[in-house]
Amino acid sequence: MDLEKFKEESQNKSKENKAFLEKVRRRRPKNLDDVVHGLHEESFDHIDCLTCANCCKTTSPIVIDRDIDRIAKHLKMKPSEMIEQYLKLDDDGDYVFQETPCPFLMADNYCMIYEIRPRACREYPHTDRRRFHQILKLTWRNTLVCPAVLEIVERLKEEYG
C-alpha cells in the first residue's frame, strides 16, 4: 500500500467526502448499517492493516480507565505510573497517548499489547458498528487516516451518490 498516494487522495477528496457524509446523515438511509457492514467486510478482505498502521502512526486513541488498568497490569505497573509514562489529557479531558506513533507500535507494524490494546483500537475504524449514521463526522476524519475507510466511503458514494 502506498501511504503517500493514499494521503494525497484522501486530502483531495476530503471536501467532497465531508459534504457527501453530511448528506447521508440528513437522509439517514434505512439500510445504511447493512450496506456499510458489507463494504467493511469486502474492504478488509483485501486490505491488510499490518502493511499500513497509519492509525497507530498518526492518531492517538482515547484510553479509558478499564484500558489503563488492563495495560498497567500487563506491564506490571501501577495505573498511575502507566498514566505518567504513556498518557496525557487531551483538550476534551480524555486520556490519550503522549505522542505518536503509538509507544506500543513495533517496527513491523505489530502491536506489543495487541491482545489488551485499548477499546478504541479494537473498534477502529468503527465501520462495522451499529447506528453508523451517528458517527459520520468521525468517519469523515477517518477517511484521512485509514485507506479502508476511504474505500468504504468511495463505495458508499456509488450506492447513495
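The values are calculated or read from the model by the stated rules, or taken from the named source; none is laboratory data. Quick caveat, the model's predicted, so the values are computed rather than measured. So basically every Cβ, Gly included, is an ideal-geometry build from the backbone, and we count neighbours across all protein chains shown. Remember, those area values only see protein heavy atoms, side chains included, never the ligands or the DNA or RNA. Shrake-Rupley method; radii C 1.70, N 1.55, O 1.52, S 1.80 Å.
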- So how tilted is helix 32-46 from the main axis of the chain? Cα-based, degrees 0 to 90, rounded to 10. 70
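Give, as a single signed number, the net charge of other residues whose beta carbon lies under 14 Å from the beta carbon of Thr58, with Lys and Arg counted +1 and Asp and Glu -1.
Numbers: positive: Lys7, Lys57, Arg141; negative: Glu4, Glu99.
Taking every Cβ under 14 Å from that of Thr58, the sum is +1.
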- The long-range amide H neighbours of Leu87, using H built 1.01 Å from N in the peptide plane and a cut-off of under 5 Å, are Gln98
- Please work out the average accessible area per residue across the range 3-58, using the 1.4 Å probe convention, and give it in Å². 66
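Sort 139-150, 84-95, 63-74, 116-127 for me by packing, meaning the mean count of neighbouring Cβ atoms within 10 Å per residue, highest on top. Walk me through the numbers on the way to the answer.
On the way: 139-150: 22.1, 84-95: 12.9, 63-74: 16.0, 116-127: 18.3.
With the highest mean Cβ count within 10 Å placed first, the list reads 139-150, 116-127, 63-74, 84-95.
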- Note on the structure: In degrees rounded to 10, the 0-90 angle between helix 14-27 Cα long axis and the longest Cα principal axis of the chain is 80
